[in-house]
Structures are given as structure tokens and as C-alpha cells.
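Chemist: This is the structure I want to talk about, given as C-alpha cells.
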Amino acid sequence: MASSSSSSPSHPYSSLSLMNPQNNKYDVFLSFSRAETRDSFTSHLRSALCQKSIETFIDDQLIRGDDISESLPDTIAASSISIIIFSERYASSGRCLNELLKILECKHNYGQIVIPVFYRVDPLHVRKQIGIFGDSFLELEERFPEKMERWRSALTEAANLPGFDSHVFRNESELIKKVVNDILEKLPKELSCNNNIHLPEVLSCNNKNHLVGVESKVGEIESLLAAAPLVGIWGMGGIGKTTIARAVFNKISRNFEGSCFLQNVRKESQSPGGLARLQQKLLSEVLRDENVIPDIEFNFTRLSRRKALIVLDDVTCFRQIKFLIRSLDWFMPESRIIITTRDQKVLKNGGVKEKDIYEMKALECENLPNEVGYQELSEKIINYAQGVPLALEILGCFLYGKGKEVWENAINELKRILNMEIQKVLKISFDGLDDEQKNIFLDIACFFKGEDKEFVIKFLDACGFAAQIGISDLVDKSLIIIHGNSITMHDLLQEMGREIVRQESVNNPGERSRLWHHEDIIEVLTSNT
């Protein structure tokens, strides 16, 4: 490190406009002398940052003049870290110095991290504006006498910050590697969610990124990944598997040489050539090669030399895993693979050890809206969703901004019929069952939820089913749960099953395969239908 921190002078930058950034659009903003380092050190540093998936803004246009563009202050403010690359002629540019003022303003007002890099210039010369650096700075005095004092204070303050001196490194590549690693350590964690669902955020179609609190679950999966190269995330449809996998991926992908998130493998693999396209995407992104040649053996050999992070999302069979990644033998020990699925057997067949399977559970809710009259309605929506993010998202998109009457009507309707969008997603698991599994599931949904397991097995065996095997398969597919000696399931899955039976004959209950509601039973018996 080039220098130690010192106390900052009073804030001479308050005359600049303030912008309180709501979100950091960029990880890093680079401030540098365009004429000196644009095509050399700065270009190499930017390339290294991009290879680590660090979102970097660089304004590398050689525009004459000393003023910064109108949008640049907002860009600086929307960055987590600013890197100032001091070179001998940096202070000869009024544009660079105005950037410096804005960077330090963001440091004071928002706590932006600022890292100086002294590239072939003595940090002391920057701090005291002496030597060649000081001479180039004085060139501006005749044109900008009113700004010199602020610029001096800014240069002194920035040079006193901890940073990097190129003179203490053997070569530029070593310096760049050190800077990039320091940034990876300093970058703030981008997971801003809490450990619970916040209903006001959920009830907005435009706020899906904050649908659920994921931080604690991400930590648990990170713990599994610390010891296991292959980790599975397993749970019912809509429970948040993809959300959690994406959060983990976003958080740790920078630590790998190549990464790829293959979303919705199930859907993509259903189209002709779908798996081949997914494999091409995987190889292209992990190898960082847009023009991967059609030589699978050669490409997987290249893959075996990279520390890779891969997510296979919504996998439904072992064949998909084998086609896309072959086996763990093709990957470095430091590589990590995450697979999400509704079927636990897929993970076991794919080589995931039972201790490395993370079961997604329903989430808790808090922070109900404060608006008068909405607390009770919100509680009813939460009770209906029972911790399933998908249900809250769909219902939130429908109810957000609507009046209480609409909420009340929607809640009453949900008591009778499952929301079609929720039904569509949940039914994917049902559609993947064979006929006997479907019948066992529907019997449990209509009649046996909460009943003793042994009683249910005897009943179903008497109906000609292989109940023990069928129930085990339904557990693996996240459609039912065994609690102690009882068989149960999520309320939304029960509603999904009963809605399937209702759709057999919407207007004539007597033509349905199963009856469970007393009104339907009375109607069928009294009318002899």
C-alpha cells in the first residue's frame, strides 16, 4: 500500500450538485489521464476487471476540453468504488480534476470507496503537487485561478488515501492483479434483502428482485459449496430455488475464472436441439469465447483447466446433467456446480451426495402494510401463500395499487379456485408423474392430507396401487411431505390437485373422479347424478 490514511480537510466540494444514488449501477469507476494511460495501463486494468465480472465504467473518449459531461457525475455517484489512476500528466487536465472533486464528494456523502493508484508517479509529488506532476498542475493556474485551491485540497486528500504505488511492483501485471484482488475484497455485498418476506415490496410488480429475503439461505448454500464441488437445491415449484441459486451465483461468480447460469433447463431442453444450444452457451460463457469451435472433446479439455462456476436451473432428469457437464471428472477441484430441481432423485442420480442437497423450505413473512384496513387483508394473502414466493409475486402483481374491494373479492375467489398462474407453475410437477403416481397424489390431495401414513398405504394398496413406492416417489418430487407418521402437503399443492379434479367437469360434480366437498356430495346424491 502506498500510503496511510489521514484526516480529511473540511469539505470544499459542497458546491457540486448532490445525487443520492438509489442503486449502484457500476462496481467500479475509472478516473485517468486519457492521453497518458488510456491505451496502456488503464486498458489492461479494465480488461482484468471485466474478466472477473466486475461492472466497470470507463469514459475513454479523447474529448477536448476541461469540463466533464452532464451525465458523468451521476455515473460516478452510481459506482461502488472509484479508482483514481494518478500519472504524471493527470493534474494537467481540468476534466480529471473535476472528476476527482465529484469522486471525493461521493466519498464524503455516500461512503464511496476510493482507491488511488500511483502509476509511474511518486505519491509524495501528488500529495504536495511538486515535481513534474506539480509543474503540469500549475499549467492550469492561469485559466482556472478560482478552482486551484479546491483542486489542491482534493489532490492532497486523495493522495493520503490507502492505495497502490507502481514503483513497488516488479511489473504491471502484478500491480493489476493486486488492485483487482483488493477490489474483490472491498466490493459491498449486493444482497440487500433481509431474512424474511416484506409484503410491501412483494406487492409491487416492479420490485421482483426484492421478492424474498435470501441472505441466510445464501449463507447456508455457501457453506455447502465450501466443502462440496456439487450442490443441489431441491423443493416444490415456486418455492424460490431459482431466486436463491441466482443470488448465490451473483455473489460468488467473481471468484471464478469462468461462470454460467443456465436458467430453465427443463423448458429449453424440450425444443429440438435445445440441450445442444445450452451446452454451447455453457462452453462459450465459461471459456469466455464467443466463437467456440464445434469440437466437444477439445472444449471440455479447455474447460477442465478453468476454475468454473455453473448453475443448472430446473433440471428434470439425469440425462440433462450428463449432456451438459458430462461428469465432475472434467472439472478442476476448485470448480463448483449447483443444480436446482423439484425431484430429489435427479440430484442423487447426478452424483450429489445427500448431505449436499439443500431442501428449500417455505419462508416467513413480516412488515405488513401500515395502510388502514389492509393489515387483515395482507395477513389473509400471506396465509394463503404460506411462504411460497411465486404465489406472493403473482398475487402481488394483481393486487398492487388496487382498492380494498378488489382485495376482498380476490381473497373470496381464492377460497374457491386456485389462481390460474399459480396452478400452471405447480402443475408442471404433476404433469411429470405416471398414471399411478397421479392417482395416488390426487387421492391424498382430496382425502388423505394429515392422515396416518400406514392407514393411507393400506387404503391405497387395497385399491391396487403400489402405495409404498408411489408415496416415496411423491416425496422425492416435493409433492408431499412425511411429518412423523402423517402424510401432508403444502396447501397450494392440495388446491392444485383438487382443481385438477374439478376441471374434469366444472359444472357437473357427478362426472368427476373424486368428491370431497359436502355441497358437491349432497348435490350428486340428491339428484342421483
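Chemist: How many angstrom lie between the Cα centre of segment 280-359 and the Cα centre of segment 415-479?
Modeler: Value for the Cα centre distance between the two parts: 32 Å.
Chemist: Count the DSSP beta bridges whose two residues both fall in the chain, then state the antiparallel fraction as a percent rounded to the nearest 5.
Modeler: On the way: 4 of 39 bridges.
Percent antiparallel among DSSP bridges in the chain is about 10.
Chemist: Next up: Express the Stokes-Einstein translational diffusion coefficient of segment 214-359 in µm² s⁻¹, to the nearest whole number, given a Kirkwood radius over alpha-carbon pairs, 20 °C and a viscosity of 1.002 mPa s. Write down the numbers at each step before the final one.
Modeler: Numbers: Rh = 15.1 Å.
D = 141 µm²/s.
Chemist: Can you list the HN-Hα couplings for segment 447-452, worked out from phi with the Karplus curve (6.51, -1.76, 1.60; θ = phi - 60°), rounded to whole Hz and with x for Gly and Pro?
Modeler: My calculation for segment 447-452 gives 10, 10, 4, x, 7, 5 Hz in order.
Chemist: Ranking request for peptides 333-345, 254-266, 317-329: highest mean number of other beta-carbon atoms within 10 Å first, then the rest in descending order. Before the final figure, lay out each step's value.
Modeler: Values: 333-345: 21.8, 254-266: 19.2, 317-329: 16.5.
Result, highest mean first: 333-345, 254-266, 317-329.
Chemist: List the aspartates and glutamates whose Cα sits under 16 Å from the Cα of Lys404, skipping any in the same chain fewer than 8 residues away.
Modeler: Of all the aspartates and glutamates, those that pass the test against Lys404 - Cα under 16 Å, at least 8 places apart if same chain - are Glu371, Glu376, Glu379, Glu413.
Chemist: Continuing with the same structure: Name the residue from Gly240, Ser527, Leu278 whose Cα lies farthest towards the positive end of the charge dipole of the chain, charges +1 on Cβ of Lys and Arg and -1 on Cβ of Asp and Glu.
Modeler: Going by the charge dipole, the pick is Leu278.
Chemist: Sticking with this structure for a sec: Expressed in nm to one decimal, what extension gain is obtained for the pair Glu70 and Glu451 from 0.36 nm per residue of sequence separation less their Cα-Cα distance? Before the final figure, lay out the partial values.
Modeler: Working: separation 381, 0.36 × 381 = 137.16 nm, distance 6.78 nm.
130.4 nm is the gain from fully extending Glu70 to Glu451.
Chemist: Could you tell me which of Tyr26, Pro123, His483 has its Cα farthest along the dipole of the chain towards the positive end, charges placed at Cβ (Lys, Arg +1; Asp, Glu -1), taken about the Cα centre?
Modeler: Farthest towards the positive pole: Pro123.
Chemist: Tell me the angle of helix 467-476 to the major Cα principal axis of the chain, expressed in degrees between 0 and 90 and rounded to the nearest ten.
Modeler: Approximately 20 degrees, to the nearest 10.
Chemist: Given a 1.4 Å probe and every protein chain left where it sits, what share in percent of the accessible area of segment 273-317 is carbon and sulfur? Walk me through the numbers before you get to the answer.
Modeler: On the way: 1040 of 2100 Å².
Ligands and nucleic acids excluded, carbon and sulfur give 50 percent.
Chemist: Helix 148-159 versus the longest principal axis of the chain: what is the Cα-based angle in degrees, 0 to 90, to the nearest 10?
Modeler: Long axis of 148-159 versus the principal axis of the chain: about 60 degrees.
Chemist: Among 124-132, 390-398, 447-455, how do they line up by average Cβ neighbours within 10 Å per residue, starting with the highest? Mind dumping the intermediate values first?
Modeler: Working: 124-132: 17.4, 390-398: 21.4, 447-455: 14.6.
By packing density, highest mean first, the sequence is 390-398, 124-132, 447-455.
Chemist: List the lysines whose Cα sits under 23 Å from the Cα of Lys402, skipping any in the same chain fewer than 8 residues away.
Modeler: Filter leaves Lys208, Lys380, Lys415.
Chemist: Same structure again: What is the diffusion coefficient of segment 26-186 in µm²/s, taking the Kirkwood radius over Cα pairs and the Stokes-Einstein relation at 37 °C with a viscosity of 0.692 mPa s? Can you show the working numbers first?
Modeler: Details: Rh = 15.6 Å.
Taking Rh from Cα pairs, D becomes 210 µm²/s.
Chemist: So how tilted is helix 404-416 from the main axis of the chain? Cα-based, degrees 0 to 90, rounded to 10.
Modeler: For helix 404-416, the angle is close to 40 degrees.
Chemist: Among the aspartates and glutamates, which have Cα under 19 Å from the Cα of Lys281 when same-chain residues fewer than 8 positions away are ignored?
Modeler: Reachable aspartates and glutamates: Glu257, Glu268, Asp289, Glu290, Asp295, Glu297, Asp313, Asp314.
Chemist: At 222 nm, what value in deg cm²/dmol follows for the chain if DSSP H runs of at least 4 each add -39500 (n - 2.57) and the sum is divided by all its residues, to the nearest 500? Provide the component values of the computation, followed by the final result.
Modeler: On the way: 25 runs with 247 residues, N = 529.
Theoretical 222 nm ellipticity from helices: -13500 deg cm²/dmol.
Chemist: Counting only protein heavy atoms and a 1.4 Å probe, tell me what percentage of segment 374-416's accessible area is made up of carbon and sulfur. Mind showing how you got there, number by number?
Modeler: Numbers: 1100 of 2270 Å².
Here it works out to 48 percent.
Chemist: A further question follows. Take a quick pass over segment 26-186 and tell me how many lysine pairs come in under 25 angstrom between Cα atoms, counting only ones 8 or more apart or on separate chains.
Modeler: 15
Chemist: A further question follows. Quickly work out the Phe300-to-Glu172 label distance, labels modelled 7 Å from Cα along the C-beta direction, and quote it in nm with one decimal.
Modeler: 3.9 nm
Chemist: So, in nm, how far is label Lys402 from label Ile428 when the simple model puts each one 7 Å beyond its Cα toward the Cβ?
Modeler: With each label point 7 Å from Cα toward Cβ, the separation is 2.4 nm.
Chemist: How big is the chain by the Kirkwood estimate over distinct Cα pairs, in Å?
Modeler: Working: mean 1/r = 0.0366 Å⁻¹.
Taking every pair of different Cα atoms in the chain, averaging 1/r and inverting gives 27.3 Å.
Chemist: Looking at this model, which pairs from Lys217/Lys251; Lys25/Lys251; Lys453/Lys477 are more than 20 angstrom apart at the alpha-carbon? If you can, show how the numbers build up before the last one.
Modeler: Numbers: Lys217/Lys251 13 Å; Lys25/Lys251 15 Å; Lys453/Lys477 17 Å.
From Lys217/Lys251; Lys25/Lys251; Lys453/Lys477, over 20 Å: none.
Chemist: I want to check the label-to-label distance for Asn485 and Glu519. Put each point 7 Å from Cα in the C-beta direction and report it in nm to one decimal.
Modeler: If labels sit at Asn485 and Glu519, their model points lie 3.6 nm apart.
Chemist: Please get the size of the charge dipole for the chain, origin at its Cα centre, with Cβ charges of +1 on Lys and Arg and -1 on Asp and Glu, quoted in debye to the nearest 20.
Modeler: 1120 debye
Chemist: Also: Can you tell me the relative contact order of the chain? Whole percent, Cα pairs under 8 Å, sequence separation 6 or more.
Modeler: Details: 815 pairs, mean separation 62.3, N = 529.
Reported relative contact order: 12 percent.
Chemist: What's the extension gain from Val506 to Glu146 if we count 0.36 nm per residue and subtract their Cα-Cα distance? Kindly include the intermediate steps, with their values, before the conclusion.
Modeler: Working: separation 360, 0.36 × 360 = 129.60 nm, distance 8.09 nm.
Answer, rounded to one decimal: 121.5 nm.
Chemist: Let me ask something else. Could you provide, to the nearest whole Å², the per residue accessible area of segment 214-359 with probe 1.4 Å? List each step's numbers first, then the result.
Modeler: Details: 6410 Å² over 146 residues.
Using a 1.4 Å probe on heavy atoms only, each residue of segment 214-359 averages 44 Å².
Chemist: Then there is this: Please calculate how many Å² of accessible area segment 421-527 carries per residue, with a 1.4 Å probe and no DNA, RNA or ligand atoms counted. Don't skip to the answer; put the middle values down first.
Modeler: Working: 5310 Å² over 107 residues.
So segment 421-527 comes to 50 Å² accessible per residue, rounded to a whole number.
The values are calculated or read from the model by the stated rules, or taken from the named source; none is laboratory data. Model, not experiment: these values are computed from the prediction. As a convention, Cβ positions derive from the backbone with ideal geometry for all residues, glycine included, and neighbour counts pool all protein chains shown. With ligands, DNA and RNA removed, areas are computed over all heavy atoms of the protein, side chains included. Shrake-Rupley method; radii C 1.70, N 1.55, O 1.52, S 1.80 Å.
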